[in-house]
Amino acid sequence: MAEYQPVTGLRPVCRRDAAGKTRSWDEVVTEVACRLYVNGELWTEFLCLPTDLEYMVVGHLALTGRIGSAADVQEITLDALNNAIHVKVRPATGPAPGPPRGDVRLPADAILSLAAQLPTVSTLFQRTGGVHTSGIARGDQLLFFFEDTGRHNALDKIYGRCLLEGVPTWDKVLLFSGRATAKVVMKVRQMGIPILVSRAATTTLALDLAEQAGITLVGFARPDRLNIYTHPERITGFL
């Protein structure tokens, strides 16, 4: 999926640090307002990083129930000049996967390994500090990841690629740089992913939803520590 605008830009900055006061240039992440039209009608507007937009759109439409599978998408056209995406779809042929199924088990060391990998893959975050990162893994192998200025966009991109490339979700781990809020858990449930690993905090409502949906929610994941809040039976060798 090609970028249709540069992902960063240089902007003037007045900086003060231990070395004193300076005027220089700072690399800042690009954010655009992008309108999504479905069958000719305005559906929504994204504030997003202008990359992997096809994945984002397909994931968003599936997670909002507008499509049931990638087969429902007939055409996607990017209009970079007008910051617009035009999608032709047919009526949804089926629901999103829903709650996780299957019996997935993962060693605690694999979670720690994935927690160490996620911050290293996002060079854009390292350069700008301005994006969220989400990734999907099987076992301790990170399969792919996406970045975006919007945390929900990063999740939509993950699911969109899974749908378009036929990647099963029932045996996967979702890695996330942001907070594991209730909205994030609801998306993970709709994706049918059984394990959510966040590098940040969670909330009481998110934990209630994860418990009910059968999702293992891991928070504050680092290379040397983690908190397992719900369904710890999936993580072996932890206690």
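The values are calculated or read from the model by the stated rules, or taken from the named source; none is laboratory data. Quick caveat, the model's predicted, so the values are computed rather than measured. Backbone-built Cβ (ideal geometry, glycine too); neighbour counts: all protein chains shown.
Below are the figures for this structure:
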| item | result |
| --- | --- |
| Qualifying residue in segment 52-73 (condition: at pLDDT 95 or above, surrounded by 16 or more Cβ atoms within 10 Å (Cβ to Cβ), assigned to a loop (DSSP other than H, G, I, E, B) and under 17 Å from the mean Cα position of the chain (by Cα)) | yes |
| Qualifying residue in segment 195-209 (condition: closer than 30 Å to residue 6 by Cβ, touching a strand residue (DSSP E or B) at 6+ places or on another chain (Cβ under 8 Å), among the aliphatic types (A, V, I, L, M) and crowded, with 24+ Cβ neighbours inside 10 Å) | no |
| Boolean, residue 215 is free of Cβ contacts under 8 Å to residues at least 60 places away in the same chain and either at positive phi or surrounded by 14 or more Cβ atoms within 10 Å (Cβ to Cβ) (or both) | no |
| Test: residue in segment 22-31 that is in contact with a helix residue (DSSP H, G or I) (Cβ under 9 Å, 6 or more places away or on another chain), on the phi < 0 side of the Ramachandran plot and without any contact (Cβ under 8 Å) to a residue 24 or more places away in the chain | yes |
| Residue check, residue 136 in a loop (DSSP other than H, G, I, E, B), touching a strand residue (DSSP E or B) at 6+ places or on another chain (Cβ under 8 Å) and of a type in the set (A, V, I, L, M) | no |
| All strands (runs of 3 or more DSSP E) inside segment 154-239 with 1 or more residues being under 30 Å from residue 69 (Cβ atoms) and aromatic (Phe, Trp, Tyr) | 173-176 |
| Search result, residues across segment 143-179 that are in contact (Cβ under 8 Å) with a residue 40 or more places away in the chain and among the aliphatic types (A, V, I, L, M) | 155, 158, 163, 164, 173, 174, 175 |
| Residue match in segment 105-128 (condition: of a type in the set (Phe, Trp, Tyr) and in contact with a Leu (Cβ under 8 Å, 6 or more places away or on another chain)) | no |
| Complete set of residues in segment 105-132 that are surrounded by 16 or more Cβ atoms within 10 Å (Cβ to Cβ) and under 16 Å from the mean Cα position of the chain (by Cα) | 114, 115, 117, 118, 121, 122, 124, 125, 130, 131, 132 |
| Only one of 53, 49, 36 that is touching a Cys at 6+ places or on another chain (Cβ under 8 Å) and of a type outside the set (Asp, Glu) | 53 |
| Residues located in segment 94-104, provided they are surrounded by fewer than 12 Cβ atoms within 10 Å (Cβ to Cβ) and either outside any loop (DSSP other than H, G, I, E, B) or modelled with pLDDT of 65 or more (or both) | 94, 98, 102, 103 |
| Top-ranked residue of segment 8-41 - restricted to ones that are in a loop (DSSP other than H, G, I, E, B) and modelled with pLDDT under 95, ranked as surrounded by the fewest Cβ atoms within 10 Å (Cβ to Cβ) | 18 |
